[in-house]
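> Got a structure here, written out as structure tokens. Questions coming.
The values are calculated or read from the model by the stated rules, or taken from the named source; none is laboratory data. This structure is a prediction, so every number in the text was calculated from the model and none was measured. With ideal geometry, Cβ positions are generated from the backbone for all residues, glycine too; neighbour counts draw on all protein chains shown. Side chains are part of the model used for accessible areas, which takes the heavy atoms of the whole protein and leaves out ligands, DNA and RNA. Shrake-Rupley method; radii C 1.70, N 1.55, O 1.52, S 1.80 Å.
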Amino acid sequence: MSRKPSFANLRDRTAPAAAAPTPAAAPAEAPAGPPSRQGRKQIAGFFSPEMSFAMHMLARRQGRSLQALMAEAFNDVLRKHGESPIGD
């Protein structure tokens, strides 16, 4: 049985000079993301579909974002363990 080629082999090939982007073409002052994310770090997790649905529904009913509810939950956990809440 033959094996499919690995994509790892493609990175070893050198691209033609015409296809390679030049550093001067990219803007030097381009931000890494939207201004609302500057100075922030992502915290992520994997939850059951039921938990995801429940959290989204709660956020919708309260007219708040899921991120705001998560910040509230994280602050509650910090308080529970004797740490100072961060705020947002």
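> LEU58 versus (1) at pLDDT 65 or above; (2) exposed (fewer than 10 other Cβ atoms within 10 Å of the Cβ): which is the lone unmet condition?
(2)
> Let me ask another. List every residue pair whose Cβ atoms sit under 7 Å apart, with the two residues 6 or more apart in sequence or on different chains, where the first one lies in the stretch 40-53 and is touching a residue at least 12 places away in the same chain (Cβ under 8 Å) and open to solvent by less than 100 Å² (accessible area, probe 1.4 Å) and the second, anywhere, is among the hydroxyl-bearing types (Ser, Thr, Tyr) and part of a loop (DSSP other than H, G, I, E, B).
No pair meets every condition.
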